[in-house]
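A short write-up of the structure that comes next.
The values are calculated or read from the model by the stated rules, or taken from the named source; none is laboratory data. It should be emphasised that the depicted structure is a prediction, and the values quoted were computed from it without experimental measurement. Cβ atoms come from the backbone with ideal geometry, glycine included; neighbour counts cover every protein chain shown. Remember, those area values only see protein heavy atoms, side chains included, never the ligands or the DNA or RNA. Shrake-Rupley method; radii C 1.70, N 1.55, O 1.52, S 1.80 Å.
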Amino acid sequence: MVQVDPIKAFSDNYIWALKKEDKVWVVDPGQAEPVFDYLEQTATTLAGILITHHHWDHTNGVEALLQTFKNIPVYGPENSPFEGISHKLNESDEITVADTKFKIISTPGHTLDHICYMNDAFCFTGDTLFSAGCGRLFEGDPEMMWHSLEKFSSYSDETKIYCTHEYTVANLNFAKTVEPENKILKKHLEEVQTLVAQNIPSLPTNFALERAINPFLRTSLPNTLKHLPKHLIQEQSNNWQKFAALRAWKDEF
Ligand SMILES: [Zn+2]
(Lines give C-alpha, C1' and ligand atoms only; values in the text may rest on other atoms or scores of the structure.)
Protein backbone atom coordinates (compact mmCIF):
# COMPACT_ATOMS: atom_id res chain seq x y z
CA MET A 1 0.00 0.00 0.00
CA VAL A 2 1.13 3.48 -0.79
CA GLN A 3 1.05 5.90 2.12
CA VAL A 4 0.68 9.69 1.79
CA ASP A 5 2.28 11.79 4.53
CA PRO A 6 2.39 15.56 5.05
CA ILE A 7 5.79 17.23 5.37
CA LYS A 8 5.36 20.74 6.71
CA ALA A 9 7.28 23.56 5.02
CA PHE A 10 7.39 27.35 5.42
CA SER A 11 4.44 28.62 7.48
CA ASP A 12 1.53 26.85 5.80
CA ASN A 13 2.79 24.62 2.95
CA TYR A 14 2.55 20.84 2.77
CA ILE A 15 5.04 18.85 0.74
CA TRP A 16 3.14 15.58 0.22
CA ALA A 17 5.24 12.41 0.43
CA LEU A 18 4.11 9.25 -1.35
CA LYS A 19 5.77 6.41 0.48
CA LYS A 20 5.95 2.88 -0.89
CA GLU A 21 8.18 0.60 1.20
CA ASP A 22 11.55 2.38 1.37
CA LYS A 23 10.96 4.71 -1.61
CA VAL A 24 9.45 8.18 -1.51
CA TRP A 25 8.15 10.61 -4.14
CA VAL A 26 7.49 14.19 -3.04
CA VAL A 27 5.05 16.70 -4.47
CA ASP A 28 6.11 20.37 -4.70
CA PRO A 29 9.23 20.50 -2.49
CA GLY A 30 9.56 24.23 -1.87
CA GLN A 31 12.20 23.41 0.74
CA ALA A 32 14.75 20.56 0.84
CA GLU A 33 15.53 20.40 4.60
CA PRO A 34 12.14 19.11 5.79
CA VAL A 35 12.27 16.44 3.05
CA PHE A 36 15.75 15.31 4.15
CA ASP A 37 14.44 15.15 7.76
CA TYR A 38 11.45 13.03 6.68
CA LEU A 39 13.66 10.63 4.69
CA GLU A 40 15.95 10.21 7.67
CA GLN A 41 13.10 9.66 10.13
CA THR A 42 11.41 7.07 7.89
CA ALA A 43 14.67 5.43 6.68
CA THR A 44 13.65 5.94 3.06
CA THR A 45 15.28 7.30 -0.10
CA LEU A 46 13.91 9.78 -2.59
CA ALA A 47 12.77 8.17 -5.88
CA GLY A 48 11.23 11.14 -7.67
CA ILE A 49 9.69 14.61 -7.55
CA LEU A 50 6.31 15.83 -8.83
CA ILE A 51 5.81 19.55 -9.56
CA THR A 52 2.38 21.16 -10.04
CA HIS A 53 3.54 24.66 -11.09
CA HIS A 54 6.54 26.96 -11.13
CA HIS A 55 6.05 29.07 -7.97
CA TRP A 56 9.15 29.20 -5.76
CA ASP A 57 7.39 27.77 -2.70
CA HIS A 58 6.74 24.61 -4.77
CA THR A 59 10.12 24.28 -6.49
CA ASN A 60 12.94 25.87 -4.45
CA GLY A 61 13.98 22.60 -2.80
CA VAL A 62 14.45 20.67 -6.07
CA GLU A 63 18.06 21.63 -6.73
CA ALA A 64 19.32 20.64 -3.26
CA LEU A 65 17.41 17.33 -3.40
CA LEU A 66 18.95 16.51 -6.80
CA GLN A 67 22.44 17.13 -5.45
CA THR A 68 21.95 14.18 -3.11
CA PHE A 69 19.58 12.07 -5.23
CA LYS A 70 21.12 12.38 -8.67
CA ASN A 71 19.19 11.29 -11.78
CA ILE A 72 15.81 10.88 -10.13
CA PRO A 73 12.91 12.03 -12.36
CA VAL A 74 11.39 15.47 -11.86
CA TYR A 75 7.88 15.46 -13.34
CA GLY A 76 6.19 18.74 -14.17
CA PRO A 77 4.32 20.78 -16.76
CA GLU A 78 5.76 20.96 -20.28
CA ASN A 79 5.09 24.71 -20.52
CA SER A 80 6.61 25.58 -17.14
CA PRO A 81 9.07 28.47 -16.71
CA PHE A 82 10.70 26.31 -13.99
CA GLU A 83 13.77 24.81 -15.65
CA GLY A 84 14.38 21.81 -13.39
CA ILE A 85 11.79 19.48 -14.97
CA SER A 86 13.21 16.32 -16.61
CA HIS A 87 9.90 14.58 -17.44
CA LYS A 88 7.57 17.09 -19.11
CA LEU A 89 3.83 16.47 -18.91
CA ASN A 90 0.73 17.59 -20.78
CA GLU A 91 -3.04 17.14 -20.52
CA SER A 92 -4.09 13.46 -20.47
CA ASP A 93 -0.56 12.10 -20.03
CA GLU A 94 -0.25 9.23 -17.57
CA ILE A 95 2.57 8.47 -15.17
CA THR A 96 3.11 5.68 -12.65
CA VAL A 97 4.89 6.51 -9.40
CA ALA A 98 4.82 4.48 -6.18
CA ASP A 99 2.96 1.78 -8.18
CA THR A 100 0.15 4.30 -8.60
CA LYS A 101 -1.11 5.57 -11.92
CA PHE A 102 -1.90 9.28 -12.25
CA LYS A 103 -3.61 11.07 -15.10
CA ILE A 104 -2.44 14.62 -15.75
CA ILE A 105 -4.99 17.36 -16.10
CA SER A 106 -3.95 20.81 -17.18
CA THR A 107 -5.52 23.42 -14.87
CA PRO A 108 -4.36 26.91 -15.89
CA GLY A 109 -5.62 29.87 -13.86
CA HIS A 110 -3.48 30.26 -10.73
CA THR A 111 -0.52 30.05 -13.15
CA LEU A 112 -0.53 29.18 -16.85
CA ASP A 113 1.59 26.05 -16.31
CA HIS A 114 -0.47 24.47 -13.50
CA ILE A 115 -1.19 20.72 -13.70
CA CYS A 116 -2.86 18.32 -11.24
CA TYR A 117 -2.01 14.64 -10.67
CA MET A 118 -5.27 12.70 -10.60
CA ASN A 119 -6.68 9.27 -9.98
CA ASP A 120 -9.95 8.11 -8.47
CA ALA A 121 -8.45 7.26 -5.07
CA PHE A 122 -6.47 10.46 -4.48
CA CYS A 123 -5.12 13.51 -6.25
CA PHE A 124 -2.64 16.37 -5.85
CA THR A 125 -4.17 19.71 -6.75
CA GLY A 126 -1.34 22.10 -5.85
CA ASP A 127 -2.63 25.68 -5.73
CA THR A 128 -5.62 25.08 -8.05
CA LEU A 129 -8.13 23.56 -5.61
CA PHE A 130 -7.91 24.11 -1.85
CA SER A 131 -10.28 22.89 0.81
CA ALA A 132 -13.19 25.37 0.68
CA GLY A 133 -11.29 27.55 -1.79
CA CYS A 134 -9.27 27.84 -4.97
CA GLY A 135 -6.01 29.50 -6.00
CA ARG A 136 -5.69 33.18 -6.76
CA LEU A 137 -5.56 34.09 -10.43
CA PHE A 138 -1.98 35.31 -10.85
CA GLU A 139 -1.55 34.45 -14.53
CA GLY A 140 -4.86 33.18 -15.90
CA ASP A 141 -8.33 34.70 -16.12
CA PRO A 142 -11.62 33.63 -14.49
CA GLU A 143 -12.94 31.85 -17.58
CA MET A 144 -9.77 29.76 -17.78
CA MET A 145 -9.89 28.87 -14.07
CA TRP A 146 -13.58 27.99 -14.26
CA HIS A 147 -12.86 25.47 -17.03
CA SER A 148 -9.96 24.08 -14.99
CA LEU A 149 -12.18 23.55 -11.93
CA GLU A 150 -14.86 21.96 -14.12
CA LYS A 151 -12.41 19.14 -14.92
CA PHE A 152 -12.75 17.90 -11.32
CA SER A 153 -16.46 17.16 -11.86
CA SER A 154 -15.72 13.72 -13.36
CA TYR A 155 -13.96 12.51 -10.18
CA SER A 156 -15.83 10.48 -7.59
CA ASP A 157 -17.01 11.79 -4.23
CA GLU A 158 -14.53 9.54 -2.41
CA THR A 159 -11.42 10.85 -4.20
CA LYS A 160 -9.10 12.32 -1.56
CA ILE A 161 -7.66 15.75 -2.30
CA TYR A 162 -4.16 16.76 -1.22
CA CYS A 163 -3.57 20.47 -1.85
CA THR A 164 -0.47 22.46 -0.98
CA HIS A 165 -1.61 24.97 1.64
CA GLU A 166 -3.26 24.93 5.06
CA TYR A 167 -5.71 27.69 4.13
CA THR A 168 -8.81 25.80 5.25
CA VAL A 169 -9.91 27.95 8.22
CA ALA A 170 -9.57 31.23 6.31
CA ASN A 171 -11.33 29.71 3.30
CA LEU A 172 -14.18 28.41 5.45
CA ASN A 173 -14.63 31.83 7.04
CA PHE A 174 -15.14 33.26 3.56
CA ALA A 175 -17.38 30.33 2.56
CA LYS A 176 -19.55 30.98 5.65
CA THR A 177 -20.02 34.58 4.53
CA VAL A 178 -21.06 33.34 1.07
CA GLU A 179 -23.44 30.69 2.40
CA PRO A 180 -24.39 31.52 6.01
CA GLU A 181 -27.26 28.99 5.78
CA ASN A 182 -24.95 26.04 4.95
CA LYS A 183 -25.01 23.77 8.03
CA ILE A 184 -22.37 21.29 6.76
CA LEU A 185 -19.98 24.18 6.29
CA LYS A 186 -20.58 25.54 9.79
CA LYS A 187 -20.00 22.13 11.37
CA HIS A 188 -16.86 21.53 9.32
CA LEU A 189 -15.39 24.91 10.34
CA GLU A 190 -15.74 23.92 14.01
CA GLU A 191 -14.03 20.57 13.36
CA VAL A 192 -11.18 22.13 11.38
CA GLN A 193 -10.58 24.85 13.99
CA THR A 194 -10.12 22.09 16.59
CA LEU A 195 -7.64 20.21 14.37
CA VAL A 196 -5.59 23.25 13.38
CA ALA A 197 -5.40 24.43 17.01
CA GLN A 198 -3.68 21.09 17.77
CA ASN A 199 -1.35 21.51 14.78
CA ILE A 200 -3.08 18.63 12.92
CA PRO A 201 -3.54 19.11 9.14
CA SER A 202 -7.11 19.72 7.96
CA LEU A 203 -6.18 17.72 4.84
CA PRO A 204 -6.76 15.61 2.87
CA THR A 205 -10.29 16.58 2.00
CA ASN A 206 -12.46 14.81 -0.60
CA PHE A 207 -14.82 15.77 -3.41
CA ALA A 208 -17.98 14.85 -1.47
CA LEU A 209 -17.09 17.40 1.21
CA GLU A 210 -15.83 20.01 -1.26
CA ARG A 211 -19.00 19.75 -3.33
CA ALA A 212 -20.91 20.52 -0.11
CA ILE A 213 -18.74 23.38 1.25
CA ASN A 214 -16.48 24.87 -1.44
CA PRO A 215 -18.21 27.92 -2.94
CA PHE A 216 -15.98 27.76 -6.03
CA LEU A 217 -17.43 24.31 -6.86
CA ARG A 218 -20.92 25.60 -6.11
CA THR A 219 -21.12 28.71 -8.30
CA SER A 220 -23.88 27.24 -10.49
CA LEU A 221 -26.21 26.74 -7.50
CA PRO A 222 -28.91 29.40 -7.15
CA ASN A 223 -27.96 30.61 -3.65
CA THR A 224 -24.17 30.94 -3.96
CA LEU A 225 -24.26 34.60 -5.03
CA LYS A 226 -27.29 35.60 -2.95
CA HIS A 227 -25.16 37.71 -0.59
CA LEU A 228 -22.72 39.06 -3.22
CA PRO A 229 -21.77 42.68 -2.37
CA LYS A 230 -23.64 45.09 -4.66
CA HIS A 231 -20.54 46.64 -6.20
CA LEU A 232 -19.50 43.21 -7.55
CA ILE A 233 -22.79 42.51 -9.29
CA GLN A 234 -22.24 42.33 -13.06
CA GLU A 235 -23.21 40.23 -16.06
CA GLN A 236 -23.68 36.67 -14.74
CA SER A 237 -25.43 34.83 -17.52
CA ASN A 238 -22.97 31.93 -17.49
CA ASN A 239 -21.09 29.96 -14.87
CA TRP A 240 -17.63 31.41 -15.43
CA GLN A 241 -19.00 34.92 -14.88
CA LYS A 242 -20.52 33.76 -11.59
CA PHE A 243 -17.14 32.28 -10.70
CA ALA A 244 -15.46 35.60 -11.60
CA ALA A 245 -17.75 37.50 -9.22
CA LEU A 246 -17.10 35.03 -6.42
CA ARG A 247 -13.32 35.14 -6.95
CA ALA A 248 -13.39 38.97 -6.92
CA TRP A 249 -15.35 38.82 -3.63
CA LYS A 250 -12.77 36.48 -2.09
CA ASP A 251 -9.90 38.70 -3.30
CA GLU A 252 -11.25 41.64 -1.29
CA PHE A 253 -12.43 39.57 1.70
ZN1 LIG B 1 1.32 28.95 -6.46
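Could you work out how much longer the chain between residue 211 and residue 71 gets when fully extended? Use 0.36 nm per residue separation minus the Cα distance between them, nm to one decimal.
46.4 nm
Quick one: what are the phi-derived ³J(HN,Hα) couplings along the stretch 155-161, Karplus 6.51/-1.76/1.60 with θ = phi - 60°, whole Hz, x for glycine and proline?
In residue order, the calculated couplings are 8, 6, 3, 7, 4, 7, 10 Hz.
Along the charge dipole of the stretch 3-252, which of 49, 89, 152 sits closest to the positive end, that is, farthest toward it, with unit charges on the beta carbon of Lys, Arg, Asp and Glu (+1, +1, -1, -1)?
Of 49, 89, 152, it is 152.
Considering every pair of different Cα atoms, what Kirkwood radius, in Å, is found for the chain?
18.6 Å
For a test of the definition: using alpha carbon positions, the gyration tensor, and the 1.5 limit on a/c, classify the stretch 111-253 as rounded, prolate or oblate.
Oblate shape, in that a/c is at least 1.5 and b/c is the bigger or equal ratio.
Using the Karplus curve 6.51 cos²θ - 1.76 cosθ + 1.60 with θ = phi - 60°, work out ³J(HN,Hα) for each residue of the stretch 211-226 in order, rounded to whole Hz, and write x for Gly and Pro.
Karplus values, whole Hz, x for Gly and Pro: 5, 8, 10, 8, x, 6, 9, 10, 5, 7, 6, x, 8, 4, 10, 4.
Using the Cα centre as the reference, give the magnitude of the dipole from point charges on the C-beta atoms of the stretch 3-252 (Lys, Arg: +1; Asp, Glu: -1; all else neutral), rounded to the nearest 20 debye.
In total the dipole reaches around 740 debye.
Which order do you get for 110, 147 if you rank them by accessible area with a 1.4 Å probe, largest at the top?
Descending accessible area places them as 147, 110.
With a/c under 1.5 counting as rounded, go ahead and sort the stretch 48-103 into rounded, prolate or oblate using the C-alpha gyration tensor (a ≥ b ≥ c being the square roots of the eigenvalues; past the cut-off, prolate if a/b is larger than b/c, else oblate).
Oblate shape, in that a/c is at least 1.5 and b/c is the bigger or equal ratio.
Can you find, among 216, 3, 16, the residue sitting farthest towards the positive end of the charge dipole of the chain, where Lys and Arg contribute +1 and Asp and Glu -1 at Cβ?
Farthest towards the positive end: 216.
Between residue 252 and residue 237, with labels modelled 7 Å along Cα→Cβ, what's the label distance in nm to one decimal, could you check?
Taking the simple label geometry, residue 252 and residue 237 are separated by 2.4 nm.
Show me, for the stretch 186-200, the HN-Hα J-couplings you get by feeding each phi into the Karplus relation (A = 6.51, B = -1.76, C = 1.60, θ = phi - 60°), rounded to Hz, glycine and proline as x.
4, 5, 5, 4, 4, 5, 5, 4, 5, 4, 5, 4, 9, 6, 9
Projected onto the charge dipole of the stretch 112-253 (+1 at Lys/Arg Cβ, -1 at Asp/Glu Cβ, origin at the Cα centre), which of 198, 129, 114 gives the Cα projection farthest towards the positive end?
About the Cα centre, the residue reaching furthest to the positive side is 198.
If you take the square roots of the eigenvalues of the alpha-carbon gyration tensor of the stretch 17-164 and sort them as a ≥ b ≥ c, do you get rounded (a/c under 1.5), prolate (a/b over b/c) or oblate?
Prolate is the answer for the stretch 17-164, as a/c is 1.5 or above and a/b outweighs b/c.
Under 10 Å, Cα contacts only: if you run a Gaussian network model on the chain, which one of 32, 43, 208 comes out with the highest mean-square fluctuation?
Highest fluctuation of the listed residues: 43.
Amide H of residue 93: which non-local residues (sequence gap of 5 or more, or other chain) have their own amide H closer than 5 Å, using H built in the peptide plane?
It is 104, by chain and number.
Starting from the 7 Å offset along Cα-to-Cβ, what nm value, one decimal, do you get for the label separation of residue 79 and residue 101?
Here the answer is 2.7 nm between the modelled labels.
Return the distance in nm (one decimal) between the two label points of a simple spin-label model at residue 220 and residue 156, each offset 7 Å from Cα along Cα→Cβ.
So the two model labels end up 2.2 nm from each other.
Which order do the peptides 123-133, 88-98, 214-224 come out in when sorted by mean C-beta neighbours inside 10 angstrom, highest first?
In descending order of packing, they fall as 123-133, 214-224, 88-98.
Given +1 on the Cβ of Lys and Arg, -1 on the Cβ of Asp and Glu, and no further charges, what dipole in debye does the stretch 1-48 carry about its Cα centre, rounded to the nearest 20?
The calculated dipole for the stretch 1-48 is roughly 160 debye.
Return the calculated 222 nm mean residue ellipticity for the chain, to the nearest 500 deg cm²/dmol, obtained by summing -39500 (n - 2.57) across DSSP H runs with n ≥ 4 and dividing by the residue count.
Calculated mean residue ellipticity at 222 nm is -9000 deg cm²/dmol.
Name the residue, out of 238, 79, 13, whose mean-square fluctuation peaks in a Gaussian network model built on the chain with Cα pairs under 10 Å.
For the chain, modelled as a Gaussian network with Cα springs under 10 Å, the answer is 238.
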